Structures are given as C-alpha cells and as structure tokens.
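The values are calculated or read from the model by the stated rules, or taken from the named source; none is laboratory data. Small disclaimer: the values here were computed from a predicted structure and weren't measured. Glycine gets a Cβ as well: all are built from the backbone with ideal geometry, and neighbour counts include every protein chain shown.
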C-alpha cells in the first residue's frame, strides 16, 4: 500500500539506532539492573517492527536478509551450548562460571557465562517475534 | 522342562513347522505330516495308566513367574489323564478324518492345521496344569483357537458371526473365572490347585468363598454351553465338521466339565454347589434335548444334543459332589453319579464323535445336511448307515451299547437324589429324576429323527446337490473306530473301570478313601427289574409314540417364538449395546468446545467447593497483609472495569484495546510492587500482543451471531463461580504460610554466589536457568509452528 | 558421569535444534533424527541400568543444591518411562519415514518430533514442580504444532479446541503451583513432600491436591475432563496419533502418580477416593465409547481412555501391589497403543478410509498385517501370556484385596468390552469378503510394518519374560509406596 510515510520513515531512520542501542544496553545491564535477555530482545524486535511498519516487508528483508527461524535456532544453540559447556568439566549442566578479567580497552570487567546464555535468549526472542510477524505479514 | 511339559507344547512346536510342510510339500495333504504327533502323544499318555491306577500322581514344574507364584506346574492324575487320552485319541482320529474331508486343492490347509495344533496344546494345557493362572492362559488359548477355527471360512458371514459369538460368551466366562482365581488366591495365598484343595476346608466360611465359586461356575458354564449360555454352540457349527467333532463335542466343550470336576473338592463343601451345578445341568439337559427335536440341520441336532448331554454330565457331577458331604463309607450311594459322569464322558465322546463324522460324510457325499431333503440313504451308504445306527442307539440309551449303560447309571444317580437331605433337596429333589426322564424321552426322539429321517424314508434325488454314494474308505476309518469303541465299551465296560474311571473319581472326590483303597467300580447290564430299567422302557415307549405323532404336538415349539428366544436376546444385546453406546457417547461428545468447557468448569467448581467445605480448608488470615494504598485500588478498578467492558464491547477493536488496558494495568502493578523487570517485559509483550491481535482479527468475519440468553447466563454463572473458587483458594493459600520460602536463599546469595545484583535476572539465567532454556524452546517451537501452519495447507489429500 | 540422566533430554534437544537448519534436505533429516532417536534409546537404557544398580540418580542443575536449584531425579519409574518413551518415539519415527509425506517433512516435522520427546522425557525426569510445568509446555507446544501440521480442515478445527483446553489447563497448573508455593515455600518436589508431611497435609493442601488432580486429569484424559481427546486425536496422521496416544496422556497419569504418592499421600481417604470414582467412571465411559463406533481410529482412541482409567484405579487403591500393577500396565499400554495406532494407520493407507463398514477381507492380501493386528488386539485385551495380562491381574487382585470389589470387577469386565471393540476391527476388516484396494498397491506395507512388528515383539517378550522385568517394577513400586526413599535421595545430596 502506497501511503505517504515520509514522516514515519524519516523518524524511523533516526530513532531506530537509538532503540537498538538502548536494547543492547538493557541486555548487558541485566545482571545488575533491570534488563536482561528477554527485554533486550523484545526491544530490538520492537525496533525492527517499527522498521516494518514504516517500510514494507521486502525492504526489511533486504536490509536484514536473515532467515529468522535460523536466528532462533542459533540462539537456542547458544543457550544449550552454554549449558553443555559445563559437561566438558563434568559439572552439572548449565553451571555458570564467572571471573574478573583484564580486558584491553575495558579494564577490569567481570565476565560471566550467563552472558552467553543471555545472548541465546536474546537471539531467540528476536527470531521468534520476527518469524511470526514476517509469516503473518507475508500471508496478507 | 520335563518330557511332560514337552508333550503339552509339542503340538504348538509342530505348528511352527506347518508352513514349511504346506509350502514345500504341496502334493501331500498337510494332515499326513501332523498325524503321527497325536498318535505318539496318545501312546505316551497310555503309559501313565499304570501309575494313576495305583492312585499315583505325577507332577513336574517349570518356572515362569516365580515371584508371583505362577509356574508351569503340570500334574497327571486320573482325571487329567482321562482327558489327555481323549484329547490325543480323538485328535488323531479327527486329523485322519480331516485329511479326507478337507480338499487340499481348495482349502488353505496351513492355517487350519496351525489353529488345530494350537488348540491341542491349549486343551492339554488346561487339563494338565496344576497352576490356576497357567490353566487360565491355556483356557483363553482354547477360546481363541476355537474362534479362529469357527471363523475358518471367514468370507462367510455366518462363520464370522459364530466365531464372534463364541468368543464373547467364552471370554466372558474366562474373565469371570480369572476373578474367581484371584479371589481364591486372596483366600489361600496360592495358585496351585493341589495346595488349594488341601486348604479347602479352611476357606469354606470366608466371605469371598461363594463369590469365587460363582465366578468359577460362570466360567465352566459358558465354556460347556450350559443354559442360558449354550447359544454359541449351535452357531459354532459353522466350523468345518472335523472341528465340530473335535472341539465342539469331544474336547473343548468338556473343559467346563473338567473345571467343575477339578474344583469339586474345593467348592463342594458348601451345599449350594450341588444345587447350582446339578440344577443348571438338569435344565440344560432338558432344554438341549427339547430344542434338538425341531432342528432341521444334522449338525444342529447334534449341537443341541451335545448341549443336552453336557448338561447330563454336569448334573451328575453336581449330584456326585454330595458324596463329599457324607464322609462315611455309605458313599457309594452318591458316587454312582460321579461314576456315571466319568463313564458318560468317555461314551459321549465315542458316539457323538462318530455321529459328527457321519454327518460330515453325509454332507460331503450329498451336498446337504438338511433332513427335509435327505432320506432313504441307507441303500447308498450302508456302512455309514450302520455307523449311524450304533451312534444314535447309544445316544438314545438303547441296549446293548455303552450309552445304555451310562444312561441307566444316570437314572440311578437321579433317583438317589430323593434320598438326599442336604439343602432342601428333600422337597424339590424329585424334580431331578422327573426332568431327567422327560429329557431322555426327547433324547430318544431326536436320535431317531437323526437316524430315520436321513437313512430311511423317501429318497429325494432332485433335492440333493450331489449324487449320493458311499464315502471313501479314508473318511470311514475314524468313525468306524469310534463306533467300535461304542460297542466294546458297551460289552466290556470294565476295561475302563479300574484303569480310567476309578482314578478319575479319586481326583474328583478325594479324601473319601483310605490309603490303598480304590473306588469299586463295576458296571454291568442286568441289575434286575429296577426303577431305572422301567424308566428306560418308558422312554423307549413314549419316545416312539411321540416320534410318530410329531406333527400333532410340534406346535408346542411355537409357544416360544423367535421373538423371545435367547438368540434374539443376544443379538439385540450386541446390536443395541453398540447403537446405544453411540447415542450415549454422542450426547456428551458433541464436538462443541463450549459444551466441553462448561462440563470441565462445572466439575472444577463442584469438586473444589466440596473440597473446601469438606476439608474445612478456607482460612482467612489478614495479619500479614500490607497496607492497601489508594492507587492500588484505582488500578484494580481500572482492571475490573476494563475486563467487564470487554464483554459489552460492540466491536472487536474496542475489545482488544480494553484487553491491552488490562495488561497495562498489570504492568502498573508490577511497577507499584517494585518489579521493574516484570513491568518492562509486561509492557513490551502487551504492546506486541495487541499489535498481533489487531493483525489477526482483521481477517475474522465481521459480525458475531448473538447468543441466547440462557447461553450467556450459563457463561456468567460459571465464570463467577470459577472466579469465586479461585479467590477463596487464593485467600486460603495466602493465609496459610507455614514455612520460610526458598526465595530467601536467593536474596542472600545472589551476589555472593552468582555474581549478580539483579535477583530476578539471576534466577532466570542461573538459579533456574534450566527453566528459561526450555521456555525459549517453547518460543522457538511456537514460531516454527506458526510458520508451518500458515505456509503449509494441504488439501484433502491422502491421510494416513 | 554426572549428567547421565540429562542425556535423554539433551540428545533430542540438540537434534531438534540442529534439524532446524536442514529443512531442505529430507534425507539428512531422516538420518539425523533416526540416529538421534537411537542414541536416545541407548542412553536411556544406560540410565535404566544405572538406576537399577545404584538406586535413584539425581542431578542438581547449575550446581545449585536442592531445594534451591532445579534438580532432576531419576527414580526407577522415571527411568522406565523415559526408556519406553524413547523406544516408542523411535518406532513412530521410522514409521514416519515412509508415511508422513514430504510436505510435512519440509516443514519441521522431525525437529518438532524431537522437541516433543524432550518435553516428555523432561517431564518424567524432573524433580521440580515448576520445571514440570515448563516441560509440559514444551511437550504441549510441540503437540500443538504436530497436530496442526499439514493444515487440513479437520486438523485446524480440532487444533483450536485442543489448544484452548490445554491453555486453560496450563493456566490452572501455574496458578496451582503458585498456591502451593505460597503455602510450602518451595518448588522442589522432595522438599514439598517433606514439608507437607511436617504440617500433616492440612485441608487447604488437600484442596490444592484436588486442583492438581484436575490439571493432570485434563492432560491425562480422565472423566469428566477428557472431552477433548477423541476429536483431537482423530485429526492428525497415524504416527502423530500413535505418539500422542502412547505418550501424552501417560505424562498426565505419571504426574498424578507422582503427586499423589509423593506430595499428597496423607489424606487418601479423600483424595484417592475421588480419584477412584473418577477412574471407574473413566473406564466405563471409555469402554462404552470403544464399542460405539465403526471408525477404526475412534475405537483405538477410546481404548486410550479405558487404559488411563485402569491405571488411575491402580493409583487410587494405593497399595504396594496396586502401584506395581499400575506400573506394569502403564509400560505395556504405552507400547501396545503405539503399535495399534501404527497398524490402524497402515489399514487406512491401504484402504483409503477409516470406516470399518467399508473395509473387509484385508487378511487375504495382507496376512502379516492381519496377524500382527490379531496379536496386538489380544495384548490390549489382556490375554495371557502377552504383556497386558500380568499388570491387569496384579491390579485386579490388589483391588479385591483392599476391598475395592466393584472397581476391580469393572476393570476385569472392561477387558471384555475392549476385546469386543478391537476384535470388531479384526472380524469385519481383516476377515470378510476380500475387496480390491487399488491404492493399496502403492503403499510400502512391509517397510511400514517394521515399527509395529517391533513393538508387538516387545509385547510378547514383555509378557513371557515378566520374571526378568519384575525386579525393575518392584523397585519402582518401592519408591512410590515409600516417599522417604525419594526424599532422602534428593535432599541428602
């Protein structure tokens, strides 16, 4: 449908990155502050939905040429993989490990395997939301 | 696993080889390969006579399920041996007969012989098992091999009908017997028959004793076609005649008789056993012979005759059991009944077996079994005619055949009932000899009908599909052997007395004799001018009279028209139970999801309210409740108003937005209760859901039809009730905090052990990360599912 | 191996995820799912042997000790059920290879199939009540997809009803867990059991027990909560129907077994009485339904209901023997229901219809199918020495012993109606005048027969070799009648 979305599209182009950055922030902040994988993923998905509303499915498909079902699967692999990592050390599945490490730019950071797990959650949420919306959208 | 065990399962093992014989040696009739086995088994079992004659009993055991006391225990005593000899002896003759009866070109012999061998194993297992569970297993195997044999010509509707009928009735009995076995086990702690017999005196007064007895009797009566369960036997005649001769006259139907005989020492302690067994027996005797007279199919006459004769043996066993009530040695008073029962068991097998084979020969040679079409065959089939004379005269109880001897003893047994003073038999006991006599008259009549209508009278060649001639010698051998036995046992009955009958009686009536004593069985013709002799003369006289005046009185059969027959009752039971079940099920399984939900929620409300009241479970404790603030009340009001307004919304759009409003209110609650993660998630999810709903509802039809007021009212009531129940339980649950919840652990340890300050998130990915992992799986599956559901639309293709 | 008992869950999970990547390559999908299924069977056999030797196995996930983390608990009952579930899904899987059709195979059929097994195995193995809910969701979501996959009209129609009822029951489940947590403050089943004992199961807990009975009764299809079953099981293709009939309802009945022997065993006069009445009514209505129809699918479907009722009756009698009988029967039933559905599926494929009145004489051209069906029919009716016999006998006997005379008699007599209903299919469909089924020539009957024949052979050996199976069942019944064994294994670690 050719409606004049100029305002929406322009606004979207500006706002999109803000939303995505915010969602990534939410993602990383999860362990200490409100946030986490679900929320981060949902916000990113919301951003992409905004993109869809402003433009159309084909354009979005060109910008993000992913099969979102595979994104979901990759997310699941991350999550299961994190858990399975513990198997290598003969620890119960999904045992997390964390440590403080000195990274080059960031200085003293605490690293936690929960991040990997959360990435999995993040990807799954994005993949699922977008699969559903794309599928329903395509069947219009 | 002894030789005895091997003997029992050898037919089963041979059955495995039958396909090979059939496949590769087609030119030789498969029956020839089988014939050696029953003959060998017969000879094998003969050797046990020397043991059982002395009262010895042989037992062997092979384990099957020792933990439950179920072992493949076998036992040969007089009774079991008698049956084993019958099974293998008649079995050999039947196999020989079948070689000439079943054409090897037209019949699928492999399945026939497999079924037959299965049956043989099963029947041997029934009579030789000492463990009731194993006996039951073999019992059911006989039911199913019989089922398969009756339905052998499965393209015929009558065969299928007969097979199904026999299966239902005999399995009903079998299950009942199983119930009885379990009850006995509870009373005695064992499945082993010998041990149960030893304990039988102790369990007589147990509350489960009579129920167990009834269960066993139901099993026996169904298998042995006692009234009113006899209706399956005439329909079983659809089976090929060798099967009718083997199973449905000589062996399988006698399994019930065997069971009654075997269990007499256990149950006869209670006088009601005598009444039930003898009573059902005598009624069956009468009903069978009465019905046999009007049959027009040769096998039909023989079928009802078998029913009647089984009734006779059953009544004799019942009367004979009275001997157990009189432990003194005046026991030969009633034991004559048991002697008669055993003797007649053998006799019946000989004459009935030969008569069935004769019927088969007639069918084979003329193409019909209808006595209205047959007649005058004695000129064409003289040998067959002779065999028929021997068989029918014995059946009718005419001297000098074996049937006469056992009939006389039968009358003796019945007459002696008049002397019994157990259980009201003084008053009603006279019925026994009276009914016995009347039934014998009918027996005489149908025997004569069978003989004369077929072989004498007018020959009607135009009504016969084939030109009659004498049967080939192969078909004649078996009935000739049987008929010879009729004569031999008639003239020299005492061949059997000490070898077979006496040991069998010991199994049935143990404990009556002291060590080393044996039943004094002595059978002979002339007892003088006794009551029994006059009864026999009376039977012959009246029978002859009625035979010739048959057209005058045959109208009595019209009294019980087809409408009230038991067969009709059975058929309508089967038919109506299916349609009735269908209608019944359809009333509640009507496909309407709303109806189902009404039932489910009504049940929910009902059972939980009852439980709340019955268990006094409602507790209301407000001591731990925090202060309710004003904005909480406002948010609740918004939620409530929004929810209720949804019901009255005119358009879907409004409804969805209101739904969103409810969701956002919940998010607000999360904020108020200081759960920012939950609030954030709820807000985004709600937004996405509303968007998706709007997208979907775009496609739905515009107008929903208006529902009836009663519909809406029911919905309203149920909704309120469900809500109320939930609230009551919630309040009680809240007021019943008994323990410190495990969340305390999380509060304390979330930073120390899990390196996170956001407890909610830590729970999600760490403490209970396993849950989260699978929740995201659920999300993934849902996405795949939605994708597949929308993309894949198969038209009405091949399902499977 | 610390994570041994997780493997029957982990292997299908990985397989399910990896299969998502290969939707285009059907051959690879079949190989992968076949290997994964087989691996699951092997691994669950290992678990079974380990539990037999060393008793209850536990795994504290994420290394948080019970009751603060989620614990997986494999007692003998769980191990047996996981093993059976793996075997049956393997059988249904190889049946699917030749029968499900390429279209469905391209749309994630195998992947979802694996996820279903994840849910089932997880539900059997978890020791945490909320985790049980999660695994139920995995199982149910997979079942929604399998039910609707293909999008035929009947599938769509029945799916909406199935989904609706299950969503309601899931909501009830969560609420019930919430209530329970409010009272006992823990989600770990062993810990709940301990705490409920301590306060001696007050009235409110009994009410919640009844609530759980409703939840699991909805899943397990017990009267009067089973209305959704016949319609929804009738819709999907045969292997899906088989896996549903053999596994899904059994998870519900397992949950009842677990909750009523471990969590809420203290008020049996009330809770188990209710269960007993529901069970008997289930058997009766199921048997009535079984003889009512001339549709071969419906006949077997109503037989599911009868079997569920029998097992529930055994639980309600609550004696060591009756629990053992229930376990014997449960294992037999999972196996033989799958076999029956697969066989019926072959019949439908050959004849093109499920209407028994239109089928006849199949045994003439398909004797193998006919005799396998005959044996399966005898098995389901409990004829010795096949697998259904011993469980039924122990159950009935324990019923008589504990004074439940009517219930036990009804269980016994239901066998007659069951026999009638399944023999109806044999007498009318296999016997009778042989008809010509041109479509039947194209059906790869021999390949499809592999799965049901394997299952029937299992039934024969299970029946004959009961002595060998008995120690396992004994161990399972032991834990069920004695909750302390379970509690000590989980909480002492």
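Suppose the filter is touching a residue at least 40 places away in the same chain (Cβ under 8 Å) and either within 14 Å of chain A (Cβ to nearest Cβ) or surrounded by fewer than 20 Cβ atoms within 10 Å (Cβ to Cβ) (or both); does residue C:38 pass it? Steps first, please.
On the way: touching a residue at least 40 places away in the same chain (Cβ under 8 Å): yes; either within 14 Å of chain A (Cβ to nearest Cβ) or surrounded by fewer than 20 Cβ atoms within 10 Å (Cβ to Cβ) (or both): yes.
Considered against the rule, which asks whether it is touching a residue at least 40 places away in the same chain (Cβ under 8 Å) and either within 14 Å of chain A (Cβ to nearest Cβ) or surrounded by fewer than 20 Cβ atoms within 10 Å (Cβ to Cβ) (or both), residue C:38 comes out as yes.
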Check your understanding: Taking segment C:361-384, which residues are touching a residue at least 60 places away in the same chain (Cβ under 8 Å), touching a helix residue (DSSP H, G or I) at 6+ places or on another chain (Cβ under 8 Å) and part of a helix (DSSP H, G or I)?
Key -> C:362, C:363, C:365, C:368, C:369, C:370, C:372, C:375, C:376, C:379, C:380
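Kindly indicate whether any position in segment C:68-85 is closer than 30 Å to residue C:350 by Cα and surrounded by 24 or more Cβ atoms within 10 Å (Cβ to Cβ). Show your work before the answer.
At the first step, the residues of segment C:68-85 found to be closer than 30 Å to residue C:350 by Cα are C:84-85.
After this cut, where a residue has to be surrounded by 24 or more Cβ atoms within 10 Å (Cβ to Cβ) as well, the list is C:84-85.
Looking for residues that are closer than 30 Å to residue C:350 by Cα and surrounded by 24 or more Cβ atoms within 10 Å (Cβ to Cβ), one finds at least one in segment C:68-85, hence yes.
Residue C:275 - would you say it is within 24 Å of the chain's Cα centre (by Cα) and either touching a residue at least 12 places away in the same chain (Cβ under 8 Å) or surrounded by fewer than 23 Cβ atoms within 10 Å (Cβ to Cβ) (or both)? Full working, then the answer.
On the way: within 24 Å of the chain's Cα centre (by Cα): yes; either touching a residue at least 12 places away in the same chain (Cβ under 8 Å) or surrounded by fewer than 23 Cβ atoms within 10 Å (Cβ to Cβ) (or both): yes.
It is true that residue C:275 is within 24 Å of the chain's Cα centre (by Cα) and either touching a residue at least 12 places away in the same chain (Cβ under 8 Å) or surrounded by fewer than 23 Cβ atoms within 10 Å (Cβ to Cβ) (or both).
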Review point. Any chance segment A:20-27 includes a residue that's within 13 Å of chain B (Cβ to nearest Cβ) and surrounded by fewer than 18 Cβ atoms within 10 Å (Cβ to Cβ)?
Key: yes
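Pull up segment B:757-779, narrow it to residues that are facing chain C (nearest Cβ under 8 Å) and at pLDDT 90 or above, then point me to the one that is surrounded by the fewest Cβ atoms within 10 Å (Cβ to Cβ). Don't jump to the end; show me each part of the working.
First, the residues of segment B:757-779 that are facing chain C (nearest Cβ under 8 Å): B:766-771, B:774-775, B:777-778.
Adding the requirement that they be at pLDDT 90 or above leaves B:770-771, B:774-775, B:777-778.
Details: B:770: 29, B:771: 22, B:774: 23, B:775: 18, B:777: 28, B:778: 22.
Restricting to residues being facing chain C (nearest Cβ under 8 Å) and at pLDDT 90 or above, the top hit is B:775.
Each row is one residue, and each column tells you yes or no for (1) within 13 Å of another protein chain (Cβ to nearest Cβ); (2) part of a loop (DSSP other than H, G, I, E, B).
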{"site": "B:612", "(1), (2)": "yes, no"}
{"site": "B:618", "(1), (2)": "yes, yes"}
{"site": "B:623", "(1), (2)": "no, yes"}
{"site": "B:626", "(1), (2)": "no, yes"}
{"site": "B:633", "(1), (2)": "no, no"}
{"site": "B:637", "(1), (2)": "no, no"}
{"site": "B:641", "(1), (2)": "no, no"}
{"site": "B:645", "(1), (2)": "no, no"}
{"site": "B:650", "(1), (2)": "no, yes"}
Review point. Given the structure, is residue C:459 farther than 25 Å from residue C:309 by Cα and touching a residue at least 40 places away in the same chain (Cβ under 8 Å)?
Key: no
Study note, to complete from the structure: Residue set B:596, B:524, B:547; condition away from every other protein chain (no Cβ under 14 Å) and either modelled with pLDDT of 85 or more or loosely packed, with under 13 Cβ neighbours inside 10 Å (or both); output residue B:524
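Give the residues of segment B:5-40 that are in contact with a strand residue (DSSP E or B) (Cβ under 6 Å, 6 or more places away or on another chain) and buried (at least 21 other Cβ atoms within 10 Å of the Cβ), sorted by residue number.
Across segment B:5-40, there are no qualifying residues.
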Revision key, fill the gap. Of the residues in segment B:170-211, those that are farther than 24 Å from residue C:321 by Cα, within 12 Å of chain C (Cβ to nearest Cβ) and in contact (Cβ under 8 Å) with a residue 40 or more places away in the chain come to B:170, B:172, B:173
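What are the residues in segment B:710-744 that are closer than 18 Å to residue B:625 by Cα and more than 7 Å from chain C (Cβ to nearest Cβ), if any?
B:727, B:728, B:731, B:735
Evaluate the following for residue A:44: is it more than 10 Å from chain B (Cβ to nearest Cβ), closer than 20 Å to residue B:780 by Cα and touching a helix residue (DSSP H, G or I) at 6+ places or on another chain (Cβ under 6 Å)?
It is true that residue A:44 is more than 10 Å from chain B (Cβ to nearest Cβ), closer than 20 Å to residue B:780 by Cα and touching a helix residue (DSSP H, G or I) at 6+ places or on another chain (Cβ under 6 Å).
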Revision key, fill the gap. Counting only helices (runs of 4 or more DSSP H) wholly inside segment B:662-750, the ones holding at least 2 residues that are in contact (Cβ under 8 Å) with a residue 24 or more places away in the chain and within 53 Å of the chain's Cα centre (by Cα) are B:709-734
Review point. Could you say which residue among B:418, B:387 is over 22 Å from residue B:484 (Cα atoms) and more than 33 Å from the chain's Cα centre (by Cα)?
Key: B:418
Practice item. Within segment B:273-291, work out how many residues are closer than 23 Å to residue B:550 by Cα and without any contact (Cβ under 8 Å) to a residue 40 or more places away in the chain. Key: 1
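Among the candidates B:240, B:228, B:265, single out the residue that is under 20 Å from the mean Cα position of the chain (by Cα), surrounded by fewer than 24 Cβ atoms within 10 Å (Cβ to Cβ) and farther than 26 Å from residue B:547 by Cα. If you could, list the steps in order and put the result at the bottom.
On the way: B:240 fails: under 20 Å from the mean Cα position of the chain (by Cα); B:265 fails: under 20 Å from the mean Cα position of the chain (by Cα).
Exactly one of B:240, B:228, B:265 is under 20 Å from the mean Cα position of the chain (by Cα), surrounded by fewer than 24 Cβ atoms within 10 Å (Cβ to Cβ) and farther than 26 Å from residue B:547 by Cα, namely B:228.
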Review point. In this structure, does residue C:28 turn out to be within 14 Å of chain A (Cβ to nearest Cβ), surrounded by fewer than 24 Cβ atoms within 10 Å (Cβ to Cβ) and in a helix (DSSP H, G or I)?
Key: no
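From the list B:119, B:147, exactly one residue is away from every other protein chain (no Cβ under 14 Å), closer than 21 Å to residue C:377 by Cα and crowded, with 22+ Cβ neighbours inside 10 Å. Which is it? Steps first, answer last, please.
Details: B:147 fails: away from every other protein chain (no Cβ under 14 Å).
None of the others qualify; the one that does is B:119.
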Practice item. Check whether at least one residue in segment C:149-162 is within 24 Å of residue B:772 (Cβ to Cβ), surrounded by 23 or more Cβ atoms within 10 Å (Cβ to Cβ) and within 8 Å of chain B (Cβ to nearest Cβ), and report yes or no. Key: no
